[in-house]
Amino acid sequence: MSDTQGRTPLEAALSRRDFLRTTGAAAAATAALAETPAAFAEAAPANLSVKGMGPQPIKLTLDVNDASVTTAVEPRVTLLDALRNYLDVTGCKRVCDRGTCGACTVMVDGKPIYSCTMLAVEAEGKKIKTAESLIDGGKLDAVPAAFVKYDAQQCGFCTPGFVVAMRAAFDKNPRATPAEIEEALSGNICRCGTYQQMRDAIAELCNKQKKGG
Amino acid sequence: MKNFTYYRPKTAEQAVALLDDKWGTTELLAGGTDLLDLQKEYIAQPDKVIALRDVGINQLRLDGVDKKPDDFILGAGMTLAEIAAHGGLKEAFPALTTAAGDIGGPQIRNMGTLGGNLCQRNRCWYFRDEHTPCLLKGGDKCFAIDGENRYHAIFTQGHKCVIVNPSTLAPVLIALRATAEVLGPKGKRKLKLADFFHAPSSASEREHVLKPNELVLTVTIPYPKLKNASYEVRHKQSYDWPLVQAAVAFQYADNKATDVRIVLGHVAPTPHVADAAAKALEGKEVTEATASAAGEAAAQGAMPLSQNAYKVKLVSVAVKRALLTAAGRKKYWEV
């Protein structure tokens, strides 16, 4: 998948990612210029009213963490790669890139999904929430706060996926039982094995919810 | 993955018009949980990807209250999560909601769709390896027959390619006598789910009988109040494929099972209808003894490969447990 890692030169700001990018990749990327939506690629065959987008980069506006952001990506770029490599929203992590580990979990219209397994262009018009959104009035959201309190992470790489999946589970059912929360986390994996600490965090969160806290 | 042109039609007719009449150059994108994986591995390399998100086939409806109040019509775009959580479906078809709710994890179920589950590609590791020229990728050899085959078919007679059909909804829908409505360039046609699948043995075939330019619109399940259940044997509680699955449905009156259907999943290149097992139970009360006997009958004719004889026993167990569950008997295996 390294062939979708390059970034089109639309974004002016220099980020850590820009800095780390190899000059070779940058040169290749400048060769591809973004199209405007009006010029959406290839003319559709005469009997069809559906115009194709791409294969050149297509201009895309996404709703990420309540902000409207614009970029240009090829159709093959996943939501995960668009967020991380084009929009610098790096909470979601790229681990398996095959929809099995959960590190890339984000909420799309309130539901947890694997952002590595959704095309960026498919997320157009939907509300995307990543771990970065788990701030409640300047205060850390209760879910990641419980992870901190109970040390429910070791290397921490899977954590953004876990907290998003757990937040989505509590949003869906604020009175969920610990067993239901565990079921909601069954699409995420922690190779450090911090599950017992997560259980402690879940126990406290479920207790709080029961008391209406 | 290879880059492509992305289309987002607004109607099913537009989607079908965009499809080529041969496999490989165009692909339909629903949840994407299978297609994107295949593209990343260069197994699928379409020039055009046709997204179904705006086509409007994601509803469940109960067909015309006056005409056929007993039919459940599921839009092919319904997600597995929506199917698993639907109250009416849970009551009528616990086999279906159990099977849908056991697929993958929550994220997969929020993305994956009914149509996608039926049309997904198989999970054979030789097929999924870009560099292995197996039968389904234009080669002249099935590498699983003499290779690593512990998760492959046990009903292998007459099959050059020994994949197992990957759909867990398929055996259930066949047991429930469901039909699919598909749209092609010449219009709509209906086919029984029992006739929907096919054992492929070349690159120009898929695991189902649909043409390359056909699209599944709906799946209709009649509701003759059948007892039904699906039971999977798996390594893991979640996020795993079944080793063996049994889906059963039957009428149950006066402690007699009639109209019995027993369909096995993950044991053959297509869902495997176990007629001998159904016959063994026909007209009998569902007890541990009769369920066991049906289970033994279901395994008849199995010709396992070098590493998967263990699946033969699992078939018997899965059928027995599915039957006892459907009949509301005690689940002796749950302590």
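The values are calculated or read from the model by the stated rules, or taken from the named source; none is laboratory data. Everything quoted here is computed from the prediction, not taken from an experiment. Cβ coordinates were reconstructed from backbone atoms using ideal geometry, including for glycine residues, and neighbour counts include every protein chain displayed. For the accessible areas, the whole protein counts, side chains as well, though only heavy atoms, and no ligand, DNA or RNA atoms are used. Shrake-Rupley method; radii C 1.70, N 1.55, O 1.52, S 1.80 Å.
Results, tabulated for the structure shown:
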{"item": "All lysines inside 20 Å of A:LYS149 as judged from Cα atoms, apart from same-chain residues fewer than 8 positions distant", "result": "A:LYS139, A:LYS208, A:LYS210, A:LYS211"}
{"item": "For the range B:222-264: rounded, prolate or oblate by the Cα gyration tensor [a/c cutoff 1.5]", "result": "prolate"}
{"item": "Derived scalar couplings ³J(HN,Hα) [the range B:168-175; Karplus, 6.51 cos²θ - 1.76 cosθ + 1.60; whole Hz; x for Gly, Pro]", "result": "8, 7, 4, x, 5, 5, 5, 4"}
{"item": "Percent accessible area from carbon and sulfur atoms, chain B, protein chains only, probe 1.4 Å", "result": "50 percent"}
{"item": "Helix runs (DSSP H) in chain B reaching 20 Å along axis by Cα, Kyte-Doolittle at least -0.5", "result": "B:310-326"}
{"item": "Shape category assigned to chain B from the gyration tensor of Cα positions, a/c cut at 1.5", "result": "oblate"}
{"item": "Other-chain or far-sequence residues with amide H under 5 Å of B:ARG150's (modelled H)", "result": "none"}
{"item": "Reachable aspartates and glutamates from B:LYS137, criterion Cα separation under 15 angstrom, eight or more residues apart if same chain", "result": "B:GLU41, B:ASP129, B:GLU205, B:GLU207"}
{"item": "Test item: Cα-centred dipole of the range B:228-326, Lys/Arg +1 and Asp/Glu -1 on Cβ, debye", "result": "260 debye"}
{"item": "Interface B:A - total buried accessible surface [probe 1.4 Å, Å², rounded to 100]", "result": "3200 Å²"}
{"item": "Interface residues, the range A:52-71 - accessible area loss of 20 Å² or more versus chain alone, probe 1.4 Å", "result": "A:GLY52, A:MET53, A:PRO55"}
{"item": "The range B:71-172: GluC sites (Glu not before Pro) in DSSP coil with no more than 15 other Cβ atoms inside 10 Å", "result": "B:GLU130, B:GLU148"}
{"item": "Candidate residues B:SER306, B:SER292: accessible-area rank, largest first, probe 1.4 Å", "result": "B:SER306, B:SER292"}
{"item": "Residues of type lysines that B:LYS284 reaches as a straight line, Cα spacing below 20 Å, ignoring anything fewer than 8 places off in the same chain", "result": "B:LYS225, B:LYS227, B:LYS256, B:LYS320, B:LYS330, B:LYS331"}
{"item": "B:ARG121, A:ARG199, reordered so the largest accessible area comes first (probe 1.4 Å)", "result": "A:ARG199, B:ARG121"}
{"item": "Accessible-area composition of the range A:124-197, carbon plus sulfur, in percent [1.4 Å probe]", "result": "54 percent"}
{"item": "Phi-based couplings in Hz for the range B:135-140 (Karplus 6.51, -1.76, 1.60; Gly and Pro marked x)", "result": "3, 6, 10, x, x, 10"}
{"item": "Rounded, prolate or oblate (a/c below 1.5 giving rounded, otherwise prolate when a/b exceeds b/c) for the range B:210-309 by Cα gyration tensor", "result": "oblate"}
